[in-house]
Amino acid sequence: MDILSASFLISNTTFKKCPQDEKPEFAFIGRSNVGKSSLINMLTGKKKLAKTSSTPGKTQLINHFEINKEWYLVDLPGYGYAKASKKSRQSWEIFITEYLLHRETLLTTFVLIDARLPPQKIDLEFMNWCGGKGIPFTIVYTKTDKLSSSALQRNLKAYSKELLKYWDELPPIFVTSAESKLGRESVLNYVNEILVAFKAS
Ligand code: GTP
Ligand code: MG
């Protein structure tokens with residue numbers, strides 16, 4: 001799929017105020033600093049579209065980006081930011097879970113996982129929560145430019161093994177790098193397939 005246009009639309013603290021024009025959307029979520037905003041910039045080919053930072057906790061709101069005037073990419077704040085206060089963690093949980101549970105136009109959530117790390121409890125808990133609630137999600141491994149292919153295979157296998165302890169099937173999985181642009185075509189083609197199926201339904 002070609003990206004013909006990509007622009008920031010609006011930031012919100014509650015799903016209730018998110019755009020109501022029925023355009024389908026795809027959300028990006030994952031641990032703070034995993035590379036959500038960088039991936040959005042890589043996919044859209046616009047380096048400064050979503051704000052990135054080496055300091056975790058940069059994205060604080062539900063951010064809608066309009067793509068090809070047809071669908072939305074949604075940048076969400078990360079979870080697991082150690083320095084966040086208990087109060088801000090609780091408010092994060094409420095507004096993110098409400099968004100994920102009630103946003104009717106959300107077609108798929110991309111759960112980003114840092115490919116450099118062995119399975120993290122917080123990521124497994126989040127994916128198991130999505131699975132339990134019937135929220136469709138797709139795994140996207142990030143920062144794969146930072147490790148060898150053997151280490152990558154080892155970490156991917158370890159995550160799959162953990163997930164298969166709870167579930168019979170694995171969700172779709174993509175391997176990406178915002179740095180090398182690995183996975184760009186595959187993720188965009190996948191988005192396109194979902195959009196085509198959505199339009200036909
Ligand atoms: P929060 O908004 O704070 O939750 O973070 P985020 O998940 O949006 O992460 P962000 O895109 O801001 O990236 C965090 C840091 O990781 C930045 O310094 C990025 O340059 C770096 N980074 C992100 N993706 C990649 C990647 O694929 N490869 C490499 N080498 N660095 C990356
Ligand atoms: Mg961000």
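Within straight-line reach of Lys146, meaning a Cα separation under 15 Å, sit the following aspartates and glutamates at least 8 residues removed in sequence or on another chain: Asp114, Glu179. One way to sum up the overall shape of the stretch 22-115 is the equivalent ellipsoid from its Cα gyration tensor, whose semi-axes run 21, 17, 10 Å, largest first.
Here is the link list: Lys69/Lys199; Lys36/Lys181; Lys121/Lys181; Lys47/Lys143; Lys87/Lys143. Which ones come out longer than 19 Å on Cα distance? Let's see the in-between values first.
Values: Lys69/Lys199 15 Å; Lys36/Lys181 14 Å; Lys121/Lys181 28 Å; Lys47/Lys143 16 Å; Lys87/Lys143 30 Å.
Checking Cα-Cα distances, Lys121/Lys181; Lys87/Lys143 exceed 19 Å.
Using a ≥ b ≥ c from the Cα gyration tensor of the stretch 83-128 (square roots of the eigenvalues), is it rounded, prolate or oblate, where a/c under 1.5 gives rounded and otherwise the larger of a/b and b/c decides, a/b for prolate? Oblate, because a/c is 1.5 or more while a/b does not exceed b/c. Among residues other than Pro171 with Cβ under 14 Å from its Cβ, the summed charge is -3 (Lys and Arg +1, Asp and Glu -1). Once backbone amide H atoms are built at 1.01 Å from N, Phe174 has Ile139, Val140, Tyr141 as its partners under 5 Å, excluding neighbours fewer than 5 places away on the same chain. The alpha-carbon atoms of the stretch 6-200 define a convex hull whose volume equals 117 cubic angstrom per residue. Volume per residue for the stretch 1-56 equals 112 cubic angstrom (convex hull of Cα atoms). Near the amide H of Ile10, within less than 5 Å, lie the amide hydrogens of His64, all on another chain or at least 5 residues away, with H placed in the peptide plane.
Just the number, please: carbon plus sulfur as a percent of the accessible area of the chain, 1.4 Å probe, no ligands or DNA/RNA counted. Spell out each step's value before the answer.
Working: 5500 of 10640 Å².
Of all accessible area on the chain, carbon and sulfur atoms account for 52 percent.
With 5 Å bins beginning at zero, the pair-distance distribution over Cα atoms of the stretch 106-180 amounts to 3, 16, 29, 26, 16, 8, 2 %.
The values are calculated or read from the model by the stated rules, or taken from the named source; none is laboratory data. Bear in mind the structure is a predicted one, so any value in this text is a computation, not a measurement. For neighbour counting, all protein chains shown are included, and Cβ atoms are generated from backbone atoms with ideal geometry for every residue, glycine included. What goes into the accessible areas is simple: the full protein's heavy atoms, side chains included, and nothing from ligands, DNA or RNA. Shrake-Rupley method; radii C 1.70, N 1.55, O 1.52, S 1.80 Å.
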